[in-house]
1. Examine the range 39-58 for a residue that is over 22 Å from residue 9 (Cβ atoms), polar (S, T, N, Q) and touching an Asp or Glu at 6+ places or on another chain (Cβ under 6 Å), and state whether such a residue exists.
2. Hey, can you tell me all the residues within the range 69-105 that are of a type in the set (Asp, Glu) and either on the phi > 0 side of the Ramachandran plot or at pLDDT below 90 (or both)?
3. Among the residues of the range 3-16, which ones are touching a His at 6+ places or on another chain (Cβ under 9 Å) and assigned to a strand (DSSP E or B)?
4. Among the residues of the range 8-25, write down those that are more than 18 Å from the chain's Cα centre (by Cα) and among the β-branched types (Val, Ile, Thr).
5. Within the range 17-43, which residues are in a strand (DSSP E or B), free of Cβ contacts under 8 Å to residues at least 12 places away in the same chain and charged (D, E, K, R)?
6. Report, by residue number, each residue of the range 50-68 that is over 15 Å from residue 85 (Cα atoms) and modelled with pLDDT of 80 or more.
7. Taking the range 44-97 only, how many residues are loosely packed, with under 13 Cβ neighbours inside 10 Å, part of a strand (DSSP E or B) and touching a residue at least 40 places away in the same chain (Cβ under 8 Å)?
8. With respect to residue 103, is the statement that it is touching a Pro at 6+ places or on another chain (Cβ under 7 Å) and either surrounded by fewer than 11 Cβ atoms within 10 Å (Cβ to Cβ) or closer than 16 Å to residue 14 by Cα (or both) true?
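The values are calculated or read from the model by the stated rules, or taken from the named source; none is laboratory data. Predicted, not measured: the structure shown is a model, and the values here were computed from it. Cβ placement follows ideal geometry from the backbone for every residue including glycine, while neighbour counts extend to all protein chains displayed.
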Amino acid sequence: MVLGKKRAYCTIQSPTRVSDNQGGWTISGWTTDGYEWFRAVYQSYNRTLDQGGVKYIKAVELHGNKRDSLSITGANRIILNSENWTIHSVVPSEKLDELKIIAYV
């Protein structure tokens with residue numbers, strides 16, 4: 001099912017945290033919160049040579065519908081095209097029922 005220009009079917013995940021026995025926590029895994037259709041607008045693509053080899057950095061702007069049943073914050077991550085995208089920010093959109101997410105990998 002493709003909804004208009006929203007052709008990117010993404011998985012939204014939240015971290016599973018466990019105590020590190022020193023007063024803090026660590027991420028032990030990721031739990032799937034839901035799935036959502038987004039319109040993906042790729043913003044940048046950069047490639048640098050690092051000590052470990054070639055390092056790729058990509059950024060994307062995702063536009064999707066707001067849902068009360070699915071809350072997306074900077075603590076979540078998005079899986080798009082089999083890549084784990086870190087959410088940089090969730091920003092207000094011009095439309096009240098739309099959600100705009102900036103993410104990078």
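1. Checking the range 39-58: not a single residue is over 22 Å from residue 9 (Cβ atoms), polar (S, T, N, Q) and touching an Asp or Glu at 6+ places or on another chain (Cβ under 6 Å).
2. As a first pass, look at the range 69-105 and keep what is of a type in the set (Asp, Glu): 83, 94, 97-98.
94, 97, 98, listed by residue number.
3. Step one: list which residues in the range 3-16 are touching a His at 6+ places or on another chain (Cβ under 9 Å), which gives 5-6.
Hit for the range 3-16 is 6, nothing else.
4. Once the filter is applied, which keeps residues that are more than 18 Å from the chain's Cα centre (by Cα) and among the β-branched types (Val, Ile, Thr), the range 8-25 yields only 18.
5. In the first step, residues of the range 17-43 are kept if they are in a strand (DSSP E or B); the result is 17-19, 25-43.
The next check asks that each one be free of Cβ contacts under 8 Å to residues at least 12 places away in the same chain; those that pass are 17-19, 25-26.
Residue satisfying the conditions is 17 alone.
6. Residues satisfying the conditions are 64, 65, 66, 67, 68.
7. The number of residues fulfilling the criteria is 2.
8. Numbers: touching a Pro at 6+ places or on another chain (Cβ under 7 Å): no; either surrounded by fewer than 11 Cβ atoms within 10 Å (Cβ to Cβ) or closer than 16 Å to residue 14 by Cα (or both): yes.
So residue 103 fails the test.
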